[in-house]
Structures are given as C-alpha cells and as structure tokens.
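Trainee: Before we start, here is the structure in question, set down as structure tokens.
Coordinate-derived values only; no laboratory data. Because the structure is a prediction, the values reported are computed rather than measured. Don't worry about glycine lacking a Cβ; one is built from the backbone with ideal geometry, like all the others, and counts go over all protein chains shown.
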Amino acid sequence: MDVSNLLAAQASKFQSVAVEKDTPLDVDAGFLTVTDLNPIDEDSYRSNLEEFLKSTARDGIQALVAALYELPTESSIDGPVTKLPPPTTQLPRAKPLPKPKPPTKWERFAAAKGIQKKRRDRKVWDEEKQEWVNRWGRDGKNKETEDQWIHEVKANADVDFDPVQAARDERKSRVAKNERQRLQNLARAQTAQSEREQRKIELEKTLAATRTSTASMGKFDRKLEGDKKMRGMKRKFDPTEMSAEKEKQASLAVLSQLDGDAKRAKIDKGAGDEVVNVRKAIRAVSKGKGGVVSGREQRKGSKESGKGKRGKR
Amino acid sequence: MLQTVKPKNARSKRALEAREPKEVEDQRKAIFVHGMKTGEVVDKVMKEMMALKQPHAISFSEKNAIRPFEDPSSLEFWAHKNDASMFVISQSTKKRPAGIIIARMFDSKLLDMCELGIERFVSLSEFKTPKSSPGHKPMLHFASELFDTHPRYMQLKSLLMDLFNGEVIDSICLPGLEHVISVTVAPSDASQTSSALPDDTRHEDPKNLPNVHLRTYTVKLTPSGVRIPRVQLTEMGPFVDFSLRRHQEADQDMLKAATKKPKLKRQDIEKGLGKKKKNLEVDQMGDLRGRIHVAKQDLGKLQTRKMKGLKGQSSEGDEGAGTSPDQSEVEDTSPRKRQKRG
C-alpha cells in the first residue's frame with residue numbers, strides 16, 4: 001500500500017519539463033525574454049487569476065530555461081557561464097552610434113603606403129645596464145645622451161657650447177613637434193566634413209569656375225532656372241597705362257610660363273616616347289653624376305691608363 | 001542646454017568618456033521621478049519597481065512639477081545631466097488617479113512614453129517568501145497575442161524590456177537567474193483584437209484596452225531526471241495590475257536613427273561572436289558566404305560508368321581473396337547489386 005504512494009512521490013518529483021502550446025513560444029535568449037503568443041484562456045483566467053498567471057509564467061520560463069540549457073557553456077573563475085546568442089528583439093538605442101574617429105595625417109599616409117602599425121613596447125633593453133628600461137619618462141632611454149658623464153664635442157664648436165643642453169633641446173623640440181602635430185590633427189578633425197559635403201563644395205567650386213570662364217564672365221550666358229546669382233564676382237581690367245617695368249614683368253611672366261610648358265613637353269617626350277628612357281639610362285650608367293661629368297672622368301681615366309702603360313715600359 | 005565640459009583632470013576625462021556613445025550600450029539608467037501629487041500606493045509601486053531596477057536607478061524623491069505629455073523639456077535636461085535614458089514618473093490627479101509614466105529617451109531627447117494606471121497592488125512585503133538578490137538580471141515573460149499585434153502592447157513590451165533587461169550581454173551564469181517578471185494581458189473582447197489596426201488605435205479609447213498584470217516570482221530549479229531542470233515559481237512581489245492610459249508614439253525619424261545597427265566588423269562575424277568560424281564571410285548584400293577547400297581530386301579513383309567489358313579487365317584478379325583495402329572500397333557496390341539481381 002506504500003508503493004503507490006512512493007510511485008506518486010517519484011512521479012511528482014520528476015515532473016515533465018516539456019511545454020506544449022498551440023503556438024510555439026518565442027524565446028529571445030539574448031534578452032532572457034520569452035513571449036507566449038497564445039490567446040489567454042478566459043475560463044481559467046476568470047476562475048483563478050493568480051493560479052492561472054503563475055502557471056502561464058511557469059510554462060514560459062520552463063521553455064526559456066530549456067533554451068538556455070541548450071546553449072554552450074564556458075568555464076570561468078566564477079564557475080560555468082553560458083554563452084548567449086545576440087538578441088533577436090530590436091530595442092532602440094539610448095544614444096546614437098559612435099562616429100568613427102577621423103584618421104590622423106600619419107594614419108592616412110600609412111594607409112596609402114600600406115604601412116602596418118607596429119606596437120612599441122614601453123620598455124627597451126639596455127645593453128650596458130643589462131636590464132629593461134623605460135623608453136621615455138623616468139630614467140628613460142631617450143635621455144641617455146643628456147645623462148652620460150662625458151660628451152664628445154667637435155673641435156670647431158663654440159666656446160660656450162653645452163652638449164647636455166643641446167641634447168635636451170633636441171629632445172624637447174621633438175616633443176613640441178609631436179604636440180603641434182597632434183593639435184593640427186585635432187583641428188583637422190574638427191573641420192573635417194563628410195564625403196558628401198566635400199563633394200558638394202567641390203561641385204559648387206567647379207560650377208563657379210565654369211560660369212566665370214567666358215570672356216564676359218558669364219554675363220551673356222543663358223540663365224537656368226534655379227541658378228543663383230553669383231556673388232563676389234567682378235571683372236577686373238588692368239589700367240591702360242602702366243609703367244614699362246610692370247608691362248615687361250607681365251609679358252615675361254607669360255613667356256616664362258610658355259617656356260615652362262615647352263620644357264615640360266621635352267621632358268615628357270624624353271620619358272615616354274622612346275623605348276629607352278635616356279635620362280634614366282645616363283643616370284644609371286654615370287651612377288648619378290650626370291653625362292658630362294662621367295664623360296670627363298672617362299677621358300681622364302683613359303689618359304691615365306695610357307700614361308701608366310708608357311711608364312711600365 | 002548644458003555646455004560641453006572640457007575635462008580638467010584624468011578622472012573627469014574618464015567619466016566623460018564613459019558617457020560617450022558606445023557601439024554596444026550599457027544597461028539603461030532610469031530616473032524614478034516623484035510628481036507633484038502622488039498617493040501612498042503609487043509611492044510604494046515606485047519604490048518597489050526601483051528596487052527591481054537597482055543598481056541602475058536614480059531616485060528623484062522631491063516633488064517635481066512636470067507634465068511630460070505637455071512639456072518634456074525637464075526630462076530632457078535630467079537625461080542629459082544624469083546620463084539616464086529612461087524615466088518612471090509617478091503622478092496622481094483627479095482625472096487620472098494613481099498613475100505612472102514610463103518614458104524612454106534617445107540622445108537625451110524624448111522618444112516615446114506610455115502612461116499606466118495602477119488598479120491593484122500587492123506589496124513585496126506581504127509575501128513571506130524568499131526574495132531575489134538586488135542587482136540580478138530578471139527573466140522576462142510576456143503572455144498574450146496582443147504583444148505581437150497591438151501597437152500599444154508592442155510598445156509596452158519594448159518599454160518594459162528596455163527598463164528591466166535592455167542590455168546586450170554575451171554570457172551569463174545560469175544560477176544567477178533568480179527571479180522572473182511576468183507580464184500578462186487580460187483576455188480581450190473579440191472585437192478589439194480584430195480591429196487592432198494602427199489607425200484605429202490612435203483614436204481608440206484606452207478604457208477599452210484590457211488590463212496588464214505584472215507579476216514577479218522567484219525561480220527554483222528542481223531536478224527532473226533529464227538535463228533540463230524543472231522550473232518552479234514562488235510569489236515574490238510586487239504584484240501590480242495596470243490599465244493603459246495615454247501614450248506617445250516614437251517619432252519615425254527619431255526611431256529610425258535609434259534603431260540603426262552598428263556595422264559588425266568582419267572580425268566579429270568570423271569569430272561568430274564567441275564561436276570560431278573559419279572561411280565564412282558576409283558579402284556586400286549581407287549574405288553569409290562560405291568557402292570550402294576541396295583536395296586535389298584523384299582521377300584514378302573516379303567512379304565512371306560501369307561496363308561489363310571493362311570490369312572483367314581491371315578487377316578479374318582482385319575478385320579473389322587478396323583485395324587491397326582501397327580497391328575494395330571502390331568495388332563496394334558491385335557484389336551487393338549482384339545479390340539484388342539474384
């Protein structure tokens with residue numbers, strides 16, 4: 001007669017963990033949230049409210065716990081922790097997404113050149129002391145030259161030349177340069193616009209340039225609808241009378257520009273049209289001394305060798 | 001508005017940096033504001049809800065003359081000053097007795113609000129049962145089909161989730177889950193569920209909306225004979241029945257800005273946020289693409305069409321006892337077929 005009791009006790013001890021619902025429960029393990037989308041059973045709701053709420057909650061939480069126990073665990077110092085998946089419910093953020101930090105001038109250069117960032121340790125090995133010392137700061141390696149007890153001074157140095165002070169000044173100037181560059185980067189970051197804005201400004205500039213590129217500076221151009229009147233655009237005429245010196249300068253300026261173009265064309269031709277780049281070839285053969293100098297040297301060399309031969313005989 | 005402060009020392013600099021926007025955000029801090037006039041019940045509800053929200057709760061216990069639905073400027077000021085992004089405001093007026101307003105902010109601007117009337121309240125102290133330790137994360141349970149269909153209840157669910165559990169965490173210690181906050185909607189008339197269109201709800205009388213039951217329980221896990229334990233719940237308190245009152249929906253533009261997702265770094269995707277996944281990448285269309293490496297194929301072992309004439313030549317000697325293992329693998333299918341035929 002006790003057996004049935006025992007069996008019942010055993011059965012109640014190990015109640016089923018399965019939850020059966022018409023609509024499967026929606027579990028968001030990332031937010032530890034479960035949503036039961038089944039309509040509320042009105043009869044049980046009316047008959048015993050608290051009991052109904054508790055049993056619904058129990059079923060929901062049972063499903064959530066089942067989902068949580070399925071997840072992979074990882075051991076940590078505080079015991080096993082369960083890895084949670086990213087949440088499926090989207091909640092609005094409290095603050096906007098962080099804006100990416102604008103790159104510094106060096107970072108832009110490094111990116112263009114493909115230079116990898118190297119991590120510098122704070123400590124460096126000192127061969128003399130046979131220990132790790134600070135790269136900078138207290139007893140830093142960068143103060144090595146200042147701190148040494150004897151200095152090499154050039155013979156032609158000034159009488160009042162202080163090598164310690166000179167080394168210190170040099171270090172301080174490096175620090176100042178770094179600080180200056182940092183501030184410049186900050187200033188640049190503040191004025192930095194988005195790519196779209198930059199493009200807009202560029203477009204406006206180009207448009208303004210084209211509108212002033214006729215002889216009348218756009219006075220007789222057909223106006224488009226929505227075209228704004230250009231501001232700060234003035235035709236400027238040189239005075240009809242000017243000093244001879246000024247006129248000469250102006251003409252020479254034009255001529256020099258033309259000359260520049262001609263030279264450039266010549267250089268370009270030298271570089272591009274022929275199969276052999278003559279300039280480059282000469283530089284390579286003469287080891288960077290130039291054609292004339294190397295020619296002179298060759299001539300000299302042959303004379304000398306001739307002399308030598310004669311001398312031997 | 002407040003001026004932007006320039007930090008004067010390292011400590012204040014760190015404090016300011018902690019307030020800057022982050023990709024993965026912290027738990028929302030909530031300010032519990034005492035309105036001009038409240039009742040004893042409302043005060044108790046506030047106190048116990050605050051206990052559930054601790055340690056991310058700030059109490060404004062003095063009388064504050066605010067009407068958030070008319071002028072949210074003081075909320076915005078407080079949000080900025082305290083770096084808080086949620087508000088729970090208690091208020092009791094003749095027209096709307098015993099009410100609390102849950103407000104949510106985005107970028108120190110008001111995003112959305114929901115006013116709840118307290119219909120019934122049972123305090124935590126009335127249950128002589130074990131309580132959860134403060135600061136532990138609750139499990140949330142929502143029960144009703146309205147949480148998926150009705151905009152008012154969807155908003156309420158979102159607000160409550162944000163208030164109690166709105167933090168993205170990557171891992172949790174399961175024994176630390178001690179309590180449950182369960183939210184159930186009373187059964188509604190059939191006519192309401194059918195007319196649950198957003199246009200209707202805006203002008204719908206909130207008196208027709210069914211009440212919401214908020215219950216808190218402690219969890220006890222008992223062995224069940226299988227790996228998953230059986231859950232048992234014990235009443236913890238507070239128990240509150242809410243009725244829905246006024247609300248303010250989120251501005252569309254603001255909501256769009258608030259639900260922007262951070263671009264996950266390729267590294268994070270490859271890592272699978274915890275799991276290591278090799279040769280997986282997300283392409284520009286957002287599809288997950290995998291790469292598989294196939295070893296160089298040995299064409300000698302390629303199974304081609306079987307012909308009687310060819311078979312006799314290649315495997316006449318092999319049919320005997322001295323078959324090498326890989327050859328037998330290739331020829332594996334032939335005896336079976338023969339058996340079938342026979």
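Trainee: Tell me which residues come under 5 Å, amide H to amide H, from residue B:58 once H is placed; ignore anything under 5 positions away on its chain.
Mentor: Residues meeting the amide H criterion: B:30, B:31, B:32.
Trainee: In debye to the nearest 20, how big a dipole does chain A give about its Cα centre with +1 on each Lys and Arg Cβ and -1 on each Asp and Glu Cβ?
Mentor: Using only the charged Cβ atoms, the result is roughly 4440 debye.
Trainee: Answer rounded, prolate or oblate for the range A:2-82, using the Cα gyration tensor with square roots of eigenvalues a ≥ b ≥ c: rounded when a/c is under 1.5, else prolate when a/b is larger than b/c, else oblate.
Mentor: Verdict is oblate for the range A:2-82.
Trainee: For chain A, find the longest principal axis of its Cα atoms and tell me its angle to the long axis of helix A:195-211, 0 to 90°, nearest 10.
Mentor: 40
Trainee: Average partner chain C-beta neighbours within 10 Å, per residue of B:219-226?
Mentor: 4
Trainee: Over the range A:105-204, what is the relative contact order in whole percent, taking alpha-carbon pairs under 8 Å and six or more residues apart?
Mentor: 14
Trainee: Kindly flag which residue pairs out of B:29/B:260; B:157/B:207; A:99/B:137; A:101/B:13 have an alpha-carbon separation exceeding 22 Å in this structure.
Mentor: A:99/B:137
Trainee: Could you list B:100, B:169, A:150 in order of exposure, starting from the residue whose Cβ has the fewest other Cβ atoms within 10 Å?
Mentor: A:150, B:169, B:100
Trainee: Right, next: Given labels modelled 7 Å from the Cα in the Cβ direction, how far is it in nm from residue B:173 to residue A:240?
Mentor: Calculated label separation equals 9.7 nm.
Trainee: Could you check what % of the DSSP bridge pairs in the range B:26-260 are antiparallel, to the nearest 5?
Mentor: Of all bridge pairs located within the range B:26-260, approximately 75 percent are antiparallel.
Trainee: In addition: Please give the average number of partner chain Cβ atoms lying within 10 Å of the Cβ of each residue in A:66-79, rounded to a whole number.
Mentor: Mean shielding by partner chains, rounded to a whole number: 3.
Trainee: Identify the residues of the range B:80-118 with backbone N under 12 Å of a label point that sits 7 angstrom from the Cα of residue B:40 along the Cα-to-Cβ direction, or state none.
Mentor: No residue qualifies, since no backbone N sits under 12 Å from the label point.
Trainee: Pop a pseudo-label 7 angstrom from the Cα along the beta-carbon direction at both residue A:135 and residue A:247 and give the gap in nm to one decimal.
Mentor: It is 6.6 nm.
Trainee: For the range A:2-82, with the dipole built from +1 on Lys and Arg beta-carbon atoms and -1 on Asp and Glu ones, taken about the Cα centre, which of A:77, A:18, A:32 lies farthest toward the positive end?
Mentor: Of the listed residues, the answer is A:77.
Trainee: What is the local net charge at residue B:13, summed over the other residues whose Cβ is closer than 14 Å to its Cβ (Lys, Arg +1; Asp, Glu -1)?
Mentor: Net local charge, residue B:13 excluded: +3.
Trainee: Given all pairs of different Cα atoms, what value in angstroms does the Kirkwood hydrodynamic radius of the range B:1-107 take?
Mentor: Roughly 15.1 Å, rounded to one decimal.
Trainee: Related question: In percent, what relative contact order does chain A have, based on Cα pairs under 8 Å that are 6 or more apart in sequence?
Mentor: Normalised by residue count, the contact order of chain A is 7 percent.
Trainee: Once every Cα of chain A carries one equal point scatterer and solvent is ignored, give the base-10 log of I(q)/I(0) from the Debye formula at q = 0.09, 0.12 Å⁻¹, two decimals.
Mentor: Each listed q corresponds, in turn, to -1.10, -1.25.
Trainee: Let me ask something else. Within a 10 angstrom radius of the beta carbon, how do B:136, B:179, B:141 rank from fewest other beta carbons to most?
Mentor: Details: B:136 13, B:179 20, B:141 28.
With the fewest neighbours first, B:136, B:179, B:141 line up as B:136, B:179, B:141.
Trainee: Hand me the GluC sites (Glu not before Pro) from the range B:39-97 located in a DSSP loop with no more than 12 other Cβ atoms within 10 Å, in residue order please.
Mentor: Within the range B:39-97, the qualifying GluC sites (Glu not before Pro) (loop, at most 12 other Cβ atoms within 10 Å) are B:62, B:70.
Trainee: Only helical DSSP H runs with n ≥ 4 go in: add -39500 (n - 2.57) per run for chain A, normalise by residue count and round the 222 nm mean residue ellipticity to 500 deg cm²/dmol.
Mentor: That comes out to -16500 deg cm²/dmol.
Trainee: Ok, one more. Testing the spin-label approximation: label points 7 Å from Cα along Cα→Cβ at residue B:61 and residue A:158. State their distance in nm.
Mentor: It works out to 7.2 nm between the two label points.
Trainee: Using a Förster distance of 45 angstrom, determine the FRET efficiency expected from the C-beta separation of residue A:120 and residue A:200, and round it to 0.05.
Mentor: Values: r = 40 Å, r/R0 = 0.90.
Step by step, r from the Cβ atoms, then E = 0.65.
Trainee: How far, in degrees from 0 to 90, does helix A:163-191 lean away from the longest principal axis of the Cα atoms of chain A, to the nearest 10?
Mentor: Tilt relative to chain A: about 60 degrees.
Trainee: Sticking with this one: Percent of Cα-Cα pairs more than 33 Å apart in the range B:26-260, please.
Mentor: In whole percent, the long-distance tail amounts to 17.
Trainee: Just checking the output field for A:38-50: average partner chain Cβ neighbours within 10 Å of each residue's Cβ? Can you show the working numbers first?
Mentor: Details: counts 3, 9, 10, 1, 3, 1, 0, 4, 2, 0, 0, 4, 5.
Per-residue shielding by partner chains comes out at 3.
Trainee: Enter the angle in degrees (range 0 to 90, nearest 10) between the Cα long axis of helix A:49-70 and the first principal axis of the Cα atoms of chain A, meaning the one along which they spread out most.
Mentor: So the inclination is approximately 50 degrees.
Trainee: What shape does the range A:88-146 take by its C-alpha gyration tensor, where a ≥ b ≥ c are the square roots of the eigenvalues and a/c under 1.5 counts as rounded, a/b above b/c as prolate, and the rest as oblate?
Mentor: Here the range A:88-146 falls in the prolate category.
Trainee: At a Förster radius of 60 Å, what calculated FRET efficiency corresponds to the Cβ-Cβ distance of residue B:70 and residue A:144, to the nearest 0.05?
Mentor: In this case the efficiency is close to 0.30.
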